[in-house]
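What follows is a set of notes on a single structure, which appears directly below.
The values are calculated or read from the model by the stated rules, or taken from the named source; none is laboratory data. Model, not experiment: these values are computed from the prediction. Quick reminder, even Gly has a Cβ in these numbers, built from the backbone with ideal geometry, and neighbours come from all protein chains shown. Remember, those area values only see protein heavy atoms, side chains included, never the ligands or the DNA or RNA. Shrake-Rupley method; radii C 1.70, N 1.55, O 1.52, S 1.80 Å.
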Amino acid sequence: MTAIRLRRALVEEMYAHARAAASEECCGLLGGRGAEASSVYPLCNVARAPAVSYEAAPEELFDAQRRMRERVETLTAIYHSHPRSSDPAPSPADVKLAFYPTAIYFIIGFDERGECALRAFRISEREGRWERAEFEVIEWRG
């Protein structure tokens, strides 16, 4: 499978969102074309227990998808954070709620120094499993 490509600025935008959410999980979408992400869509986490789970606010999710269509983008990836994990991996709940099998799932964790750790996964909700996915952080080449 092709590795997803992200500009460094998009990664930094996801990290800023994770830091701002601090003790709670953040969530959002990445839109793009093919295997290259081009936009970050941060969403509000409205989960009942946001410290350990995420659920995107439905109206924001629909708005982000509308903006993707306007920009002729498709859903490339979904991201969220695990603020208390230095080597984040999908939880059983993450697998159960992975309803977009073609999307890459990014999870942001924090190491002992508070630096962000980004991991990518392909998740099959239907098969109840996940595997690591390749990704590449690239510099903008406008």
Problem set entry | Meets criteria (surrounded by fewer than 16 Cβ atoms within 10 Å (Cβ to Cβ), over 28 Å from SER23 (Cβ atoms) and modelled with pLDDT under 95) for GLU131 | no
Exercise. What do you reckon, is ALA98 touching a residue at least 12 places away in the same chain (Cβ under 8 Å), buried (at least 18 other Cβ atoms within 10 Å of the Cβ) and within 15 Å of the chain's Cα centre (by Cα)?
Worked result: yes
Problem set entry | Residue in segment 84-94 that is within 24 Å of ARG5 (Cβ to Cβ) and small (Gly, Ala, Ser) present | yes
For this session: Mind telling me which of the residues GLU13, GLU25 ends up being surrounded by fewer than 21 Cβ atoms within 10 Å (Cβ to Cβ) and acidic (Asp, Glu)?
Result: GLU13
Exercise. Does ARG113 fit the bill of being in a loop (DSSP other than H, G, I, E, B) and either open to solvent by 10 Å² or more (accessible area, probe 1.4 Å) or in contact with a helix residue (DSSP H, G or I) (Cβ under 8 Å, 6 or more places away or on another chain) (or both)?
Worked result: yes
Exercise. How many residues does segment 66-82 contain that are surrounded by fewer than 22 Cβ atoms within 10 Å (Cβ to Cβ) and touching a Gly at 6+ places or on another chain (Cβ under 6 Å)?
Worked result: 2
Exercise. Can you tell me which residue in segment 35-50 is nearest to the chain's Cα centre (by Cα), limited to those that are open to solvent by 40 Å² or more (accessible area, probe 1.4 Å) and touching a residue at least 24 places away in the same chain (Cβ under 8 Å)?
Worked result: PRO42
